[in-house]
Amino acid sequence: MIRPRDELRSIKPCEHGGGSRKLLSGGVLDFSANLNPYGPPSFVLDTIREAAADVRFYPDSDCSELRLQIAERLGCDPAQVLVAAGISQLIQLVALAFIRAQRRVLLVAHTYGEYEVAAKSMGAAVKKVGMPSLKIDAEALASEIREDDVVFLCNPNNPTGQYLQKDEVALLLETAARKGALLVLDEAYMDFVEGAFDTLRLAEELRARGRDAIEHLLLLRSFTKAFAVPGLRIGYAIGSERNISALRLVMPPWSVGTLAQRVGYVLMSDAASEFMKWSRKKISEAKRELEKEFRSRLGVEIETDANFYLLDVGVCGGGGGESESESGSATLIKEKLLERGILVRDCTSFGLPSHIRFSVRRGEENRMLVGALARIATP
């Protein structure tokens with residue numbers, strides 16, 4: 001009798017944010033998915049309508065037009081780009097191409113769970129680096145990198161919202177190049193960061209200084225979050241031609257559908273750039289107001305570099321709410337908020353059982369979240 005591989009026994013399915021269509025159609029406000037509250041832009045919906053008739057054809061398995069568009073916008077060679085069905089698929093492709101049994105995979109302690117799932121599915125030895133005060137210490141992480149390691153790093157990090165600056169990522173990339181490791185940098189939320197640096201240019205700068213960093217770097221990027229199109233699975237990887245070729249070998253054919261490719265093409269346009277510039281401004285304004293509301297109504301300081309926040313509900317509740325246990329439990333706080341028509345992300349699966357994560361929505365919706373938390377915290 002054929003049995004599943006032994007490596008699969010240690011894997012727990014990864015939990016994710018995002019409510020079901022049935023739940024959200026009932027009027028629940030979804031703060032659990034970190035999407036742009038101002039998307040999708042109208043030109044995306046127009047593109048889907050225009051491309052609808054093309055679903056009778058097989059999609060371009062190589063995503064040729066979209067790859068060319070991405071390469072042109074980013075100033076790289078098309079051979080350095082792979083388009084796939086979202087970052088989650090790209091993570092699995094990285095595992096298939098670069099991780100083998102007993103190879104070490106390096107993660108920070110609290111981050112996106114699919115990295116660990118992918119690593120363990122290949123029988124890798126997972127090493128987690130601590131996060132004092134829930135912060136990534138780039139120097140501590142760099143000191144752990146060894147030869148042949150695969151290092152997954154989410155920047156800005158999910159769920160903490162911390163964005164490592166250029167010098168910190170440079171340290172990690174230089175260390176990976178020196179040690180012969182691979183840094184897989186997940187930039188799913190980069191579009192929401194004000195003043196984000198260009199990681200691809202950083203790799204070129206390091207090459208000019210004698211480090212062929214691009215051979216030790218894979219960038220993973222997404223369209224889903226920035227443009228609020230989670231129903232269209234599409235993202236892309238950037239790396240050296242050799243590493244991208246390795247990913248292409250293990251990717252199933254026709255992974256990216258026709259509609260997703262057509263939408264991806266317009267999302268690399270000037271119109272999309274202007275939309276995101278406008279969105280960042282609006283979200284920044286909403287963040288400042290939200291932080292002010294938390295200070296004034298709950299006496300809590302929150303901060304983030306991304307479009308979502310991590311909140312210790314024990315601090316928020318202070319033990320004075322409906323019960324002390326409820327005020328300190330992410331699971332129970334999530335349930336209490338859902339009773340009030342608000343869905344947040346319980347961070348127990350991130351190893352943070354007293355924390356919730358919530359995205360930034362529009363002003364009035366954000367005030368509803370703060371009001372609901374205030375009512376739960378106050379007898």
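Readers should treat all values here as calculations from the given coordinates under stated rules, not as data from a laboratory. Remember, predicted model here, so these are calculated numbers, not experimental data. Cβ coordinates were reconstructed from backbone atoms using ideal geometry, including for glycine residues, and neighbour counts include every protein chain displayed.
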| task | Starting from one equal scatterer on each C-alpha and no solvent at all, send me the Debye-based log10 I(q)/I(0) for segment 205-286 at q = 0.15, 0.22, 0.24 Å⁻¹, two decimals. | result | -0.75, -1.07, -1.13
| From the cross-link list LYS127/LYS179; LYS135/LYS277; LYS135/LYS166; LYS225/LYS292, which pairs have alpha carbons spaced over 21 Å apart? | LYS135/LYS277; LYS225/LYS292
| task | Place a +1 charge on the Cβ of each Lys and Arg in the chain and a -1 charge on the Cβ of each Asp and Glu, then give the dipole magnitude about the Cα centre in debye, rounded to the nearest 20. | result | 640 debye
| field | Enclosed volume per residue, in Å³, of the convex hull spanned by Cα atoms of segment 62-195 | value | 120 Å³
| note | Of the residues VAL229, GLN80, ALA118, the Cα lying farthest along the dipole of segment 42-271 towards its positive end, which is defined by charges on the beta carbon of Lys, Arg, Asp and Glu, belongs to ALA118
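Let me check against my output: what whole-number percent is the relative contact order of the chain, with C-alpha pairs under 8 Å and at least 6 apart? Don't jump to the answer; show the numbers that get you there.
Numbers: 707 pairs, mean separation 83.8, N = 379.
After rounding, I find 22 percent.
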| request: Quote the Stokes-Einstein diffusion coefficient, in whole µm² s⁻¹, for the chain, based on the Kirkwood radius over alpha carbon pairs, a temperature of 20 °C and a viscosity of 1.002 mPa s. | output: 99 µm²/s
| request: Could you list the GluC sites (Glu not before Pro) in segment 10-95 that lie in coil according to DSSP, counting only those with at most 14 other Cβ atoms within 10 Å of their Cβ? | output: GLU15
| query | By how many degrees, 0 to 90 and rounded to 10, does the Cα axis of helix 86-98 deviate from the longest principal axis of the chain? | reply | 50 degrees
| Between LEU45 and SER10, how many nm apart are label points set 7 Å from Cα along the C-beta direction? | 4.8 nm
| request: Rank ARG242, ARG201, ARG21 by mean-square fluctuation in a GNM of the chain with C-alpha springs under 10 angstrom and give only the top-ranked residue. | output: ARG21
| Cα-based helix-to-principal-axis angle, 241-250 vs the chain, degrees rounded to 10 | 70 degrees
| query | What chymotrypsin sites (Phe, Trp or Tyr not before Pro) in segment 8-110 are in a loop by DSSP, with at most 15 other Cβ atoms within 10 Å of the Cβ? | reply | PHE57
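If the chain between THR378 and LEU24 were fully stretched, how many nm would it gain, using 0.36 nm times the residue separation less the Cα-Cα distance?
Gain on extension, THR378 to LEU24, equals 124.7 nm.
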| request: Quick one: net charge around THR304, please, counting Lys, Arg +1 and Asp, Glu -1 for every other residue with C-beta under 13 Å from its C-beta. | output: -1
| field | For the chain, built as a Gaussian network whose Cα springs stay under 10 Å, the top-fluctuating residue of ALA170, ALA272, ALA140 | value | ALA140
| request: Round to a whole angstrom and tell me the spacing of the C-alpha centers of segment 223-248 and segment 64-143. | output: 11 Å
| remark: GNM on the chain, Cα springs under 10 Å; top mean-square fluctuation among GLU168, GLU116, GLU215 goes to GLU168
| Sorting ILE214, ILE99 on the 10 Å Cβ count, fewest up front, what's the list? | ILE99, ILE214
| request: Go through LEU206, ALA97, ALA271 and say which Cα lies farthest out towards the positive end of the charge dipole of the chain; charges sit on Cβ, +1 for Lys and Arg, -1 for Asp and Glu. | output: ALA97
